[in-house]
Amino acid sequence: MTTVTTSDYYEFNTSDTDEEPCTWTQNPTEVLVQTYIHSLIFVFGLIGNTLVVVTYVFYKRTKTMTDVYLFNVAVADLIFVVALPFIIYNEQNDWSMGSAACKILRFCYSINLYSGMLLLACVSIDRYIAIVQARRSFGTRSRALLYSRIICSVIWVFAMALTVPTLIYTKLFSGPNDDSVCELSFDKDETAKLVKILVPSLQMAVGFWLPFLIMVLCYSSILVTLLRAQSSQRHKAIRVVFAVVVVFIICHLPYNLALLQHTLSLFKERSCDTEQVKFTVLSMFRSVAYLHCCLNPVLYAFVGVKFRNHFRQIMVDVWCFSKRYIYNAHSSRNTVDT
């Protein structure tokens, strides 16, 4: 038995033994599969969230609290999606982009985790107020746009504050094979023990359990209200609410349970074989969690009729612009030939 150190949670050996720490190596097939999955997440996440941002900026505008929240969710997901190829590259290759880029990489992941989840919780609260407390909130929602922007600003500042430990202790250092590794690293044993518990605990508490609890409470009340309502759109609204909650649970619950088990066993001696299996499971569930960033546009934006109409208008405008560009290029070429 020996203490295991891996690149997933910090290259720091807290064991007093003289044995060499074992390192986690991914199977080539597993690396290939993850590369394809992450590439699909990158493509669909980039397209979907870009369309949401473009729609809100040039077509729909942000007129309600939900609009403001969804716009900020799309921005947070875009930050993560753009950083995703570099995150995957860092996990599989030698990091050669410098210390500043290393810190920015970790910052992008953390800022998306905290801000994105808290904003989704705000969406559920706003829907609860609009549906369950509709009569009471009718007079106050006229000032909702200002309130929502203030709330979003507070969330972004709060998320940045939570990423401070990550920014401070993320460093570029030499790995076991003399390659450059971009990971959290510590000089003191006490600091390592504190941050090893603090960072994943914050990720689980603020990045999953708090938003999850808020969403369950709000959407449960919404479902009860919808079941009592006599509306032709009731069944569709219920399906959407059910899909939002189920997708959130499927994407994030497995990874957070695995992360919790990993955090609880950080300072215990365990075998390399056990750690190999555990980090394979963590890596697989983390990929599932990444999937949520490209599902958010579908669940929260594209289900609306007005949003789909704006999306069609974007496609028409892109098609007209491309035809005009091709026509102008063709005309210019003919003029030069003449």
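Give region 65-75 a look and list any residue that's hydroxyl-bearing (Ser, Thr, Tyr) and in contact with a Lys or Arg (Cβ under 8 Å, 6 or more places away or on another chain), or say none. Don't jump to the end; show me each part of the working.
Initial filter on region 65-75 (hydroxyl-bearing (Ser, Thr, Tyr)): 66, 69.
The one that is hydroxyl-bearing (Ser, Thr, Tyr) and in contact with a Lys or Arg (Cβ under 8 Å, 6 or more places away or on another chain): THR66.
Being surrounded by fewer than 20 Cβ atoms within 10 Å (Cβ to Cβ), modelled with pLDDT of 80 or more and under 20 Å from CYS122 (Cα atoms), is that true of even one residue in region 290-304?
yes
Count, please, the residues in region 252-284 that happen to be hydrophobic (A, V, I, L, M, F, W, C), under 21 Å from LEU40 (Cβ atoms) and crowded, with 19+ Cβ neighbours inside 10 Å.
Number of matching residues: 1.
Out of PHE212, PHE186, PHE248, which single residue is part of a loop (DSSP other than H, G, I, E, B) and surrounded by 15 or more Cβ atoms within 10 Å (Cβ to Cβ)? So that I can check it myself, show each step before the final result.
Numbers: PHE212 fails: part of a loop (DSSP other than H, G, I, E, B); PHE248 fails: part of a loop (DSSP other than H, G, I, E, B).
Of the residues listed, the single one that is part of a loop (DSSP other than H, G, I, E, B) and surrounded by 15 or more Cβ atoms within 10 Å (Cβ to Cβ) is PHE186.
Where residues in region 17-63 are modelled with pLDDT of 80 or more and hydroxyl-bearing (Ser, Thr, Tyr), which of them is farthest from ASN309 (Cα to Cα)?
THR35
Answer yes if at least one residue in region 88-97 is part of a helix (DSSP H, G or I) and among the aliphatic types (A, V, I, L, M), and no otherwise. Reasoning before the result, please.
The first filter runs over region 88-97 and keeps only residues part of a helix (DSSP H, G or I), leaving 88-92.
Cutting the leftovers down to among the aliphatic types (A, V, I, L, M) gives us 88.
Yes.
If I filter region 51-61 down to residues being touching a helix residue (DSSP H, G or I) at 6+ places or on another chain (Cβ under 7 Å) and without any contact (Cβ under 8 Å) to a residue 60 or more places away in the chain, which single residue comes out as nearest to LEU84 (Cα to Cα)?
Filtering region 51-61 for residues touching a helix residue (DSSP H, G or I) at 6+ places or on another chain (Cβ under 7 Å) gives 51-56, 59-60.
Now narrow it down to the ones that are without any contact (Cβ under 8 Å) to a residue 60 or more places away in the chain: 53, 56.
Values: VAL53: 19, TYR56: 24 Å.
Selected residue: VAL53.
Kindly indicate which of VAL68, VAL81 is crowded, with 17+ Cβ neighbours inside 10 Å, modelled with pLDDT of 90 or more, within 24 Å of VAL245 (Cα to Cα) and β-branched (Val, Ile, Thr).
Working: VAL68 fails: modelled with pLDDT of 90 or more.
Step by step, each of VAL68, VAL81 is checked, and only VAL81 is crowded, with 17+ Cβ neighbours inside 10 Å, modelled with pLDDT of 90 or more, within 24 Å of VAL245 (Cα to Cα) and β-branched (Val, Ile, Thr).
Is one or more of the residues making up region 202-212 without any contact (Cβ under 8 Å) to a residue 12 or more places away in the chain and under 23 Å from TYR109 (Cβ atoms)? Can you show your working first?
Start the filter on region 202-212 by keeping residues that are without any contact (Cβ under 8 Å) to a residue 12 or more places away in the chain, which leaves 205.
Then keep just the ones that are under 23 Å from TYR109 (Cβ atoms); that gives 205.
Yes: region 202-212 contains one or more residues that are without any contact (Cβ under 8 Å) to a residue 12 or more places away in the chain and under 23 Å from TYR109 (Cβ atoms).
Six or more apart or on different chains, Cβ under 6 Å: which pairs go from a residue in region 89-112 that's at pLDDT below 80 to one that's surrounded by 15 or more Cβ atoms within 10 Å (Cβ to Cβ) and among the small types (Gly, Ala, Ser)? Could you list them?
If the second residue must be surrounded by 15 or more Cβ atoms within 10 Å (Cβ to Cβ) and among the small types (Gly, Ala, Ser), the pairs left are ASP94/SER180; TRP95/SER180.
The values are calculated or read from the model by the stated rules, or taken from the named source; none is laboratory data. Only a predicted model underlies this, so the values are computations on that prediction, with no experimental measurement involved. Glycine gets a Cβ as well: all are built from the backbone with ideal geometry, and neighbour counts include every protein chain shown.
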